[in-house]
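First comes the structure, then the notes that go with it.
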Amino acid sequence: MGKFLGLSARVLMALIFFVSVIFIINNIYNTPNGYSLYQDLLGARGIPGIFAPISILVQLIAGFTLIIGYKIKITAYVLSIYSFIWALIYFMNALGGQPLLLMSLQYLAISGGLLYLAINPDTGYSIDSCKKNK
């Protein structure tokens, strides 16, 4: 039961990023000027548009590797740092008057969950656990 719950926790945490980036990619391809709109969205949060491909790649690759359980520790640390950066971005925007404090707290919670996953990467039913058992 513990391995199944560990798998569930890991996959649910990864789906936040993986599904989000699938929606982003879908909007980029199905919306006229979708990529520039995504860059503008980042710009509205204070992030230069040049970071759009980095954001997409981090979410896509790290989300997928976390789902399949490959390099869980490293992936969880990367996504935790990514979430913490977004928490700071939303917090700075909240200080500027935008109602984004709740988003900041949500990203902090996600970052905390990912740090816990990085400390306890043996979630079962993963590529890492299969390699460890051989």
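Structural remarks
- Applying the criterion of being out of contact with any helix residue (DSSP H, G or I) (no Cβ under 9 Å at 6 or more places or on another chain), in contact (Cβ under 8 Å) with a residue 40 or more places away in the chain and of a type outside the set (Gly, Ala, Ser) to the residues of the stretch 1-29, the residue that is surrounded by the most Cβ atoms within 10 Å (Cβ to Cβ) is LEU7.
- Pair list, Cβ < 8 Å and 6+ apart or interchain, from the stretch 32-60 residues that are surrounded by 14 or more Cβ atoms within 10 Å (Cβ to Cβ) to residues that are part of a helix (DSSP H, G or I) and acidic (Asp, Glu): GLY49/ASP40
Where a number appears in this text, it was derived from the coordinates with a stated rule and is not lab data. The structure presented is a predicted model; accordingly, all values stated were derived computationally and were not measured. We place every Cβ from the backbone using ideal geometry, glycine too, and count neighbours over all the protein chains shown.
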